[in-house]
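Colleague: Sharing a structure with you now.
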Amino acid sequence: MSFHERLAAALAAGTSEHYEDASLYDHEYKRRRDDVRWYQALAKKELKRGSDILELGCGSGRTLIPLARDGWRVTGVDNSATMLDRCRERLARFRDVRVELVRADFRSLALGRRFPLVICPFNAFMHLYSRQDVERFLEVVRAHLQPGGLFAFDVMNPDLAWLSRDPNRRWARTRFRHPRTGKLTYYSTSLSYDAALQIAFMRIYYEPAGGGRTRTIRLTHRQFFPLELEALLHYNGFSVEAHEGGFDGAPLVPESEEQVLRCRSRRGISVSRRKNI
């Protein structure tokens, strides 16, 4: 197998394995609420009552369901059938929510309609591993934004100390009770960072307490440095309205853990011109 074939296989695994156990995924992130509240507040500020929202990378509905319960019509797109099934299961508990779920690769989505707000929460943008991936994705966003509409998303702010950790060690060892089996389980991670590709290749280990087979899953994230991200947005037809360092509106500084962005399409930039830049 060639290098490019091995890389493609690693990226495919790192894009899918973390999302195969939806109940475990929900358990791990159930306390992450600041971003959800931020997207809820953004929708209330930007939209007229009952408007439409497009969420790219909606997963199991951690952000989508609160938005739908707030009264917005939400179209959620994800490439994981398992996560979408989990989202449908969770949606069944609520009445009068207006949600459409679409299974698709968000780099090639074509719904044939436009939205006043397009969002891509919780690092989903970091599964765009190459410039070509980013360009295809941003072209999809522009095609689905109404004139004057807003595109909002968040990614991690690269932490060089974290990315430079010893790849042969496991980190963040914690103990929890597995949500499906009820068994005590140890969680830990390891990380290998390819600086040339700007991709972090992570492994997450789930080790049953008292012994047993350790489950290992892969997760890959492209790292986007702030000025690089602004340049990618600019040359793909977007104006950056805000580029903040957290969901509390804090300025982006080296110590910021997140990058939170609000952007609008510059309609005067043609696709053909952009491709020739």
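Colleague: Over the chain, what is the mean sequence separation of C-alpha contacts under 8 Å (at least six apart), divided by residue count, expressed as relative contact order in percent?
Modeller: The value is 16 percent.
Colleague: When the chain is fully extended, how far beyond the present Cα-Cα distance does A110 get from Y205, taking 0.36 nm per residue of separation?
Modeller: Contour length minus the Cα-Cα distance gives 30.5 nm.
Colleague: For T181 and K30 in the same chain, what is the full-extension length gain: residue separation times 0.36 nm, less their Cα-Cα distance, in nm?
Modeller: Once the chain is fully extended between T181 and K30, it gains 52.6 nm.
Colleague: What is the sum of charges, Lys and Arg at +1 and Asp and Glu at -1, for the other residues whose Cβ falls under 13 Å from the Cβ of R113?
Modeller: Local net charge: 0.
Colleague: Continuing with this model, one more query. Where a ≥ b ≥ c are the square roots of the eigenvalues of the C-alpha gyration tensor, would you call the chain rounded, which needs a/c under 1.5, or, failing that, prolate if a/b is larger than b/c, or oblate?
Modeller: Oblate is the answer for the chain, as a/c is 1.5 or above yet b/c matches or exceeds a/b.
Colleague: How many nm separate the modelled label positions at T216 and V253, each set 7 Å beyond the Cα in the direction of the Cβ?
Modeller: About 3.9 nm separates the two model spin labels.
Colleague: In addition: Under 8 Å for C-alpha pairs, at least 6 residues apart: give me the relative contact order for segment 160-222, rounded to a whole percent.
Modeller: So the answer I get is 26 percent.
Colleague: Looking only at the chain, where both bridge partners belong to it, what percent of the DSSP beta bridges are antiparallel (to the nearest 5)?
Modeller: 65
Colleague: Compute the FRET efficiency between Q146 and R173 as 1/(1 + (r/R0)^6), taking r as their Cβ-Cβ distance and R0 = 51 Å, and round to the nearest 0.05.
Modeller: The value I calculate is 0.60.
Colleague: Hey, how many Å between the Cα centroid of segment 1-79 and the Cα centroid of segment 121-184?
Modeller: Result: 10 Å between the Cα centres.
Colleague: Pairs of alpha-carbon atoms within less than 8 angstrom and 6+ residues apart define the contacts here; what relative contact order does segment 38-175 have, in percent?
Modeller: Relative CO of segment 38-175 lands at 23 percent.
Colleague: Among 108-116, 167-175, 259-267, 47-55, what's the highest-first ranking by average C-beta atoms within 10 angstrom per residue?
Modeller: Ranked from most to least packed, the peptides come out as 259-267, 47-55, 108-116, 167-175.
Colleague: Calculate, in nm to one decimal, what L197 and Y235 gain on full extension: separation in residues at 0.36 nm each, minus their alpha carbon distance.
Modeller: 11.7 nm
Colleague: Still on this structure, please answer the following. For R90, project a label point 7 Å along Cα to C-beta. Then give me every residue of segment 150-171 with its amide nitrogen under 12 Å of that point.
Modeller: Flagged as within label range: none.
Colleague: Ranked from highest to lowest mean number of other Cβ atoms within 10 Å per residue, what is the order of the peptides 91-104, 72-85?
Modeller: So the peptides 91-104, 72-85, ranked by packing, come out 72-85, 91-104.
Colleague: Now, a different point. Grab the other residues whose beta carbon is less than 15 angstrom from that of R6, score K and R as +1, D and E as -1, and report the net.
Modeller: So the environment of R6 carries a net charge of -1.
Colleague: Okay, next question. Cα gyration tensor of segment 160-222, axes a ≥ b ≥ c as square roots of the eigenvalues: rounded (a/c below 1.5), prolate (a/b > b/c) or oblate?
Modeller: Prolate, because a/c is 1.5 or more and a/b exceeds b/c.
Colleague: Also, I was wondering about something else. Quickly rank 207-213, 19-25 as a protection proxy: mean count of other C-beta atoms within 10 Å, highest first.
Modeller: Result, highest mean first: 19-25, 207-213.
Rule-based calculations on the coordinates, nothing more; no lab input. Just so you know, these numbers come straight off a predicted model, no measurement behind them. Reconstructed Cβ throughout: ideal geometry from the backbone, glycine too, with neighbour counts over all protein chains shown.
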